[in-house]
Amino acid sequence: MNKDKKTALQRLDERICIIEKAIRKLDPSNLLERVAALETGDASNITFSADAACRYLNMKKSMLYKLTSAKEIPYYKPEGKRIYFVRAELDKWMQRNPSPTVDEMMRRSQEYMANRKKVPNNKQ
């Protein structure tokens, strides 16, 4: 039985090695370091290209370019041609204009009703 466990662990190790090799082939730059940064939570300063930002925001490239052209989304052009985005700024941009919950709307309406000035009824 101990042999079976060792064999299973060896097969698992081999599969992990195959997956790591495949990942390195996909993007040899620093994909594994980026994945590690995401896992540790130190990913707020990750910089995205336009393609990566589109995937992250789940939008088409034409829409992203429309937003950059209108200066409605934060971006950078360090060399004057390619544009880049910072993940933390994209997160902040996505979280603008929150939609209030039902409880929040009820609280606001109760505050409004309590604070509004009473208009005297001048009808006789």
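Kindly flag which residue pairs out of LYS60/LYS92; LYS21/LYS60; LYS66/LYS92; LYS60/LYS81; LYS25/LYS81; LYS61/LYS81 have an alpha-carbon separation exceeding 24 Å in this structure. All intermediate terms of the calculation are to be shown ahead of the outcome.
Numbers: LYS60/LYS92 19 Å; LYS21/LYS60 30 Å; LYS66/LYS92 19 Å; LYS60/LYS81 19 Å; LYS25/LYS81 27 Å; LYS61/LYS81 16 Å.
As for pairs spanning more than 24 Å Cα to Cα, those are LYS21/LYS60; LYS25/LYS81.
Can you work out the base-10 log of I(q)/I(0) for the range 44-108 at q = 0.22, 0.23, 0.24 1/Å, using the Debye formula on its C-alpha atoms alone?
-0.89, -0.95, -1.02
Listing PHE48, PHE85 from the residue with the fewest other Cβ atoms within 10 Å to the one with the most, what is the order?
Least to most surrounded, the residues fall as PHE48, PHE85.
In whole Hz, with x marking every Gly and Pro, tabulate ³J(HN,Hα) for the range 74-88 from phi via Karplus 6.51 cos²θ - 1.76 cosθ + 1.60, θ = phi - 60°.
x, 8, 10, 10, x, 10, x, 10, 6, 10, 9, 10, 9, 4, 4
Taking Cα centroids, how far is the range 100-119 from the range 82-99 in Å?
Cα centres, the range 100-119 to the range 82-99: 31 Å.
Under the rule of at least 5 residues apart or a separate chain, name every residue whose amide H is placed under 5 Å from the amide H of PHE48.
Amide H to amide H, under 5 Å and 5 or more residues apart or across chains, PHE48 pairs with PHE85, VAL86, ARG87.
Between TYR76 and MET113, what length in nm is gained on full extension when 0.36 nm per residue of separation is reduced by their alpha carbon distance?
8.7 nm
Any read-out appearing in this document is the output of simple, stated calculations on the displayed coordinates, not a laboratory observation. Please read these numbers as outputs of a predicted model, since none were measured by experiment. Counting neighbours? That spans all protein chains shown, and the Cβs are built from the backbone with ideal geometry, glycine included.
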